[in-house]
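Working notes, beginning with the structure itself.
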Amino acid sequence: MENPENVIEVRNLQIDFHTYAGEVKAIRDVSFDLRKGETLAIVGESGSGKSVTTRSLMGLLAPNAVIKGGSIMFHGDDIIKKSEKEMQHIRGKDIAMIFQDPMTSLDPTMRIGMQIAEPLMKHKGLKKKEAISQALEMLKLVGITDPEARLNDYPYQFSGGMRQRIVIAIALVCYPEVLIADEPTTALDVTIQAQILDLMKDLQNRIDTSIIFITHDLGVVAGMADRVAVMYAGKIVEYGTVDEIFFNPQHPYTWGLLNSMPTLNTAGGSLRAIPGTPPDLLDPPVGDAFAARSDYAMKIDTEKEPPFFKVSDTHYAATWLLHPDAPKVTPPAEIVRRQKKFAEMQRPEPPIKNTTKE
Amino acid sequence: MPEERKKILEVHHLKQYFNVGKRDEVRAVDDVSFDIYEGETFGLVGESGSGKTTAGRAIIHLYEPTDGEIIFDGKDVSKLHTKAEKHEFRREMQMIFQDPYASLNPRMKVKDIVAEGIDIHGLAKDDADRTKQVEDLLETVGLNKDHSSRYPHEFSGGQRQRIGIARALAVEPKFIIADEPISALDVSIQAQVVNLMKELQIKQNLTYLFIAHDLSMVKYISDRIGVMHYGKILEIGPADEVYTHPLHAYTKSLISAVPVPDPEFERNRKQVPYDESREKDDKKRRMVEIAPGHFVRASEDEVPMYTQRAIDAGLVTEFSE
């Protein structure tokens, strides 16, 4: 591990998919760290590679996927080099996952108490009775009312929000170091979503798990994430703290994403949609993959891939706009508004008067 | 007062029950009334199970309503008897569905999907006219004519939703029910589809019933919003007003749960809990106009409370008897 703070270090990951049409270059040189106790959000459109990236951490890639290069370090070992058998010891115990659809990620024929107890019996070697009693504790923790009675219920007897709580209980029952949540609330109503997100935050504080949160909902990201990585066409194009990404974004794609969402203040007129569609990764474009959809594309964007430019110690963006020789551009109005706010937030706080110690 | 606008759709006391008379009777839509004016977008929001989709389906007569009246363009929809009348109704009211994957027949070419309505209603003079109409429609929704001989699987979600829109437009409808048309799409594509729908509305003078759970998008696209919960509409009003000054406690709670893409706002978020037991007492409630054009489902004794809220929010300036 390069940094003892890191739980996972992904370096130069490249993943292709064999398809009848050719090699789809789904992940193209992705690197990131996951720090202890933090929530890292990965945002991007469908097909940007966010789910593939996290599935590779779990060793759950489809059979036609090929890892072309790179490493995923976890506890000093490279996960990519591990056998399926070794992965089975990690999966569910050290790294757990919550999937999008609570309707399909539970076993419909198994009582939920048993489903929660199963990882404890498998990974910790607990006896059934002990495992079930811990499952009961977990059910209480995730806020299922009357947990004793409900241990023996089947998934169909729960609502969508309750099922997602059960999925979370299963994922957390072994107190994993890393929790991967792949669009965990997308299938839920906003009020239920708010409850589940609060629950995840609360549990994270209690058991000190690091969370990788995958979503395309920027509102959810703003509320959950400590740091954000923005993915586009199989690459991370910008990453930084949540404030840096939302209030001082640098990549035109991040601008486009933030700009295309209606906010409370959006009045009539049309939304600023990002024109076009993401590129075909069978034949990824040369240079900046977003150039074809960007109003800010320059000649170099179609010729040479932009490296990461440093914005701050925690904030990097891969866009030629940050090159010292690049012309100064004015981002969309919404982004300028956000950057103003960022500047205000950066201003040193007024000195605080000495408060008397308690 | 706004000038007298034409009501294109009037829904009076619509009830849609399932399993009527059995123990598991479900009152999916329970005494819902609202009007939609020509050329506007009416947003119907609510959580899953609130009955918003059922209401939409009952209006387009995919279900036989249990009770109530649906008056479309001056005619009672349940009293259309001749085949010609039913045909006309089905042409004038169209639907765009949520799932762009499931709502297009995978074994039909795009041109046949789009032209199905044209064929049924005999809107094309000959083959050449049919082809031309399809190509024009594809262009209207931002696809190109080469797409017409392809199959749905060759398209992305956003493109498929465009095909669904082209299909709805093919029969030149007046009124379109869009049931969660963008929920399955990516953020950047959602904006494209919403912009397209807005543009078409102006060009072709369409009226929309926009059903969704994404409140920020509904607020953006709608002129007026109705909030549904447990089969009932609890609040109706101008979109901005409902959003910025919700009067009903449920609407307040719903809006407070919407995630906002602003970390600072999110850190200070206060979610408003909602106590639904109050809805279940046996008081008689009806829609009461608290502020101009702003209705809340209230019992007589709750009216002063809502009126006070409206005054506090600056929606009403004085007591009017």
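Side notes on the structure shown:
- With a cut-off of 14 Å on the backbone N, the residues of region A:140-177 near the modelled label site 7 Å out from A:Asp208 along Cα-Cβ are A:175-177.
- Rounded to the nearest 10 degrees, the angle from helix A:112-123 to the longest Cα principal axis of chain A is 80 degrees.
- Low-density loop cleavage sites - trypsin sites (Lys or Arg not before Pro) in region B:98-200, where at most 16 other Cβ are within 10 Å (DSSP): B:Arg107, B:Lys109, B:Lys125, B:Arg150
- Region B:139-210 shape via C-alpha gyration tensor axes, a/c threshold 1.5: oblate
- In Hz, Karplus ³J(HN,Hα) per residue of region A:89-105 (6.51, -1.76, 1.60; θ = phi - 60°; x = Gly, Pro): 6, 7, 5, x, 9, 8, 10, 10, 9, 10, 9, 5, 9, x, 6, 9, 8
- Summed side-chain charge close to A:Glu183 - residues other than A:Glu183 whose Cβ falls under 11 Å, Lys, Arg +1, Asp, Glu -1: -2
- Mean separation of Cα pairs under 8 Å and 6 or more residues apart, divided by the residue count, gives region A:6-225 a relative contact order of 26 percent.
- Residues B:Asp282 and B:Asp67, FRET efficiency given R0 of 22 Å [Cβ-Cβ distance, rounded to 0.05]: 0.65
- Pairwise FRET efficiency - A:Glu84 versus A:Ala21, Cβ, R0 = 30 Å, nearest 0.05: 0.60
- Sum of side-chain charges, B:Lys132 neighbourhood, beta-carbon under 14 Å (Lys, Arg +1; Asp, Glu -1): -2
- Structure-based [θ]222 nm, the protein assembly as shown - -39500 (n - 2.57) summed over DSSP H runs of at least 4, per residue, nearest 500: -9500 deg cm²/dmol
- Enclosed volume per residue, in Å³, of the convex hull spanned by Cα atoms of region A:90-241: 114
- Share of pairwise Cα separations in region A:33-127, more than 15 Å, in percent: 71
- Residue-span extension gain [A:Ala343 to A:Asp295] - 0.36 nm each, minus C-alpha spacing: 14.8 nm
- Residue of A:His75, A:His315, A:His216 that the Gaussian network model of chain A assigns the largest fluctuation, springs spanning Cα pairs under 10 Å: A:His75
- Pairs of Cα atoms farther than 38 Å apart, chain A, %: 23
- In region A:20-82, inverting the average of 1/r over every pair of distinct C-alpha atoms gives 13.2 Å as the Kirkwood radius.
- Region B:82-209: relative contact order in percent, alpha carbon pairs under 8 Å with at least 6 residues between: 36
- Given charges at Cβ of Lys, Arg, Asp, Glu: chain B dipole, positive-most of B:Ser188, B:Ser33, B:Gln271: B:Ser188
- C-alpha center-to-center spacing [region B:176-201, region B:86-121] in angstrom: 17
- When the alpha carbon gyration tensor of the protein assembly as shown is reduced to an equivalent ellipsoid, the three semi-axes, largest first, read 42, 33, 28 Å.
- Using R0 = 30 Å, the C-beta based FRET efficiency linking B:Lys86 and B:Arg150 works out to 0.35.
- Under-5 Å amide H pairs with A:Leu281, H placed in peptide plane, nonlocal only: none
- Charge context of A:Leu322, other residues only, Cβ under 13 angstrom, K/R +1, D/E -1: -2
- Mean-square fluctuations from a GNM of chain A, with a 10 angstrom spring cutoff on Cα atoms, peak among A:Val237, A:Val178, A:Val220 at A:Val220.
- Spherically averaged projected area in nm², based on the convex hull that wraps the Cα atoms of region B:7-243: 13.2
- Legend: residue pairs B:Lys125/B:Lys145; A:Lys304/A:Lys328; B:Lys174/B:Lys203; B:Lys22/B:Lys284; A:Lys36/A:Lys85; B:Lys83/B:Lys232, Cα-Cα distance threshold 21 Å; pairs beyond threshold, B:Lys22/B:Lys284; A:Lys36/A:Lys85; B:Lys83/B:Lys232.
- Relative contact order, percent, chain B [alpha-carbon distance under 8 Å, six or more residues apart]: 19
- Modelled spin-label separation between B:Glu172 and B:Asn19, with each label point placed 7 Å from Cα along the Cα-to-Cβ direction: 4.6 nm.
- Cα centroid separation - region A:1-56 against region B:244-269, whole Å: 33
- Highest-MSF residue in chain B out of B:Ile113, B:Ile211, B:Ile233 [GNM, Cα springs under 10 Å]: B:Ile113
- Our estimate of slack between A:Lys129 and A:Ser312, defined as 0.36 nm per intervening residue step minus the Cα-Cα distance, is 60.6 nm.
- Region B:212-238 versus region A:323-343: alpha-carbon centroid distance in Å: 35
- Taking the DSSP bridge list for the protein assembly as shown and keeping only pairs wholly inside it, about 60 percent are antiparallel.
Read-outs throughout are calculated quantities, based only on the coordinates presented, and are distinct from any laboratory measurement. Since we're looking at a predicted model, the values are computed, not measured. Because the Cβ atoms are built from the backbone with ideal geometry, glycine has one as well, and the counts that use them run over all protein chains shown.
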